[in-house]
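Working notes, beginning with the structure itself.
The values are calculated or read from the model by the stated rules, or taken from the named source; none is laboratory data. Note that the coordinates shown come from a computational prediction; the quantities given were computed from them, not determined experimentally. Using ideal geometry, Cβ is built from the backbone for each residue, glycine included, and neighbour counts are taken over all protein chains shown.
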Amino acid sequence: MAVTRAPGAQHPSPNPWVAALTPAVHGALDRSVAEENGVSPDHVLDFSANGNVIGPPEAVGPAIAGVDVTRYPDRRAAMLARALEERHGVTPSAVVVGNGSTEMIWSVARAYLAPGDVALVVGPTYGEYAAASAAMGAEVCDSAVMNDVGGATPHVAAREDEVAASVRRRLEHVRPRVAWICHPNNPTGAPFPVWALPEFAAASPGTLFVVDEAYLPLCDALASALPAVAGGRVVMLRSLTKDLALAGLRVGYAVAAPGVADALRRVTPPWSVSSVAQAAALAALADDEHARRARAAVTAARAHLSDGLQRLGLHPRPSVANFVLVRVGDGPAVARRLLELGCAVRDCTSFGLPECIRIGVRAIHEQERLLAALASVLRNEG
């Protein structure tokens, strides 16, 4: 598609929509922000990122130590892709591995979006869906159907029916080229009705549905979008940085029908997953017992955190994920005060929820420290 540029320019100019782009906001402790607030980053408990409580499998350390870093990595992480294909029972060439699931988000955007296209973001949710779509010149349409925080919450089945109906209406209205879905959703912790995907595909035949399941492996008995992938209209994204605690190594992947997967490979840079990351992921995937223990630890920590928040008089949003969203009044102010007390949480202003914070689960003794700090902040803030 041709792009109109200013005539007579003396220097190469970026695409006209680039000047309006803003980076997505993320969790994880920013050391410079901590230092600006007079806090040593080394003494801060980071609840702003979402992990698995127990850390990586033991085999990861030896696997990393055995890597010959003088050699180039496999440019497409073929061994890891095959292991993931076997794990999910999908056809060969259905898995594309990347530098975290975020790279896969950008690969989908590069392959399927262009100026004039519409991208539907089922939000409030992870900011990279909108960022990647806008970077391709697409029009981003946000639909805040997952926004249900605090107060009375409908029965899960009734809520999923409501979400499905809202998404169906948005699809019929905007006819997007790509629809971005987070399951379970970040930051609300709510599941998405993936059972409705075939209905959505029939209602909007020109749409590719991207279901980001970065947190799903840490959830108990949550349905996946995987069965819908074979039809060629759904892409499932997964991250190994959450359930296997490999955030510093950046490994994620997409599962798609072969034709879709081939398109994603064509736009994903080679060598984007390091040899160290590939070795660590292969070693971690072999430890099925670790995955079970991680899910159990997350479930216990989430229950402890939610109970503690309720004892403080708060109303955390029911969550199936490894984080909890809770309304605290002034999210930025509470987050800033907690940081001063050595606990980093996610201020949810960037999600359009400035009255909320998101708290990632950690070990229970660390959560006790957070709850004590939060109690102090709430007393002082009134």
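Observations on the structure shown:
- From ALA190, ALA196, residue being in the same structural domain as VAL210 (by TED's automatic domain parsing), more than 22 Å from ALA134 (Cβ to Cβ) and in a loop (DSSP other than H, G, I, E, B): ALA190
- Leading residue by the ranking (surrounded by the most Cβ atoms within 10 Å (Cβ to Cβ)) among those in region 57-102 that are on the phi > 0 side of the Ramachandran plot and out of contact with any Pro (no Cβ under 9 Å at 6 or more places or on another chain): ALA77
- Checked across region 169-177, the condition of being within 22 Å of VAL96 (Cβ to Cβ), modelled with pLDDT of 95 or more and within 17 Å of the chain's Cα centre (by Cα) holds for no residue.
- Region 243-256 residues that are within 16 Å of LEU216 (Cβ to Cβ), paired with ones that are part of a strand (DSSP E or B) and of a type in the set (Gly, Ala, Ser) (beta carbon under 7 Å, 6 or more apart): GLY252/GLY98; GLY252/SER239; TYR253/GLY98
- Any hit, region 354-365, residues being in a helix (DSSP H, G or I), in contact with a strand residue (DSSP E or B) (Cβ under 8 Å, 6 or more places away or on another chain), buried (at least 24 other Cβ atoms within 10 Å of the Cβ) and not hydroxyl-bearing (Ser, Thr, Tyr): no
- Flag if ALA247 is touching a Leu at 6+ places or on another chain (Cβ under 9 Å) and over 28 Å from ALA196 (Cα atoms): no
- Of the residues making up region 120-152, not one is closer than 30 Å to SER274 by Cβ and touching a Pro at 6+ places or on another chain (Cβ under 6 Å).
- For first residues located in region 340-366 and within 17 Å of ALA294 (Cα to Cα), partners that are assigned to a loop (DSSP other than H, G, I, E, B) and not hydrophobic (A, V, I, L, M, F, W, C) and lie 6+ apart or on another chain with Cβ distances below 7 Å form the pairs GLY360/SER48; GLY360/ASN50; GLY360/GLY51; GLY360/ASN322; VAL361/ASN322.
- Check on LEU325, over 21 Å from the mean Cα position of the chain (by Cα) and modelled with pLDDT of 95 or more: no
- Of all residues making up region 37-84, the number that are closer than 27 Å to ASN186 by Cα, touching a residue at least 60 places away in the same chain (Cβ under 8 Å) and not hydrophobic (A, V, I, L, M, F, W, C): 10
- Apart from one condition, LEU374 fits all of (1) more than 19 Å from the chain's Cα centre (by Cα); (2) surrounded by fewer than 21 Cβ atoms within 10 Å (Cβ to Cβ); the exception is (2).
- Sole exception among (1) at pLDDT 95 or above; (2) of a type outside the set (Asp, Glu); (3) assigned by TED's automatic domain parsing to the domain that holds ARG302 for VAL118, by number: (3)
- Listed by position, the helices (runs of 4 or more DSSP H) enclosed by region 1-107 that each have at least 3 residues that are at pLDDT 95 or above are 60-65, 78-88.
- Taking the criterion of being at pLDDT below 95 and closer than 17 Å to PRO176 by Cα, the residues of region 124-157 that qualify are ASP142, SER143, ALA144, VAL145.
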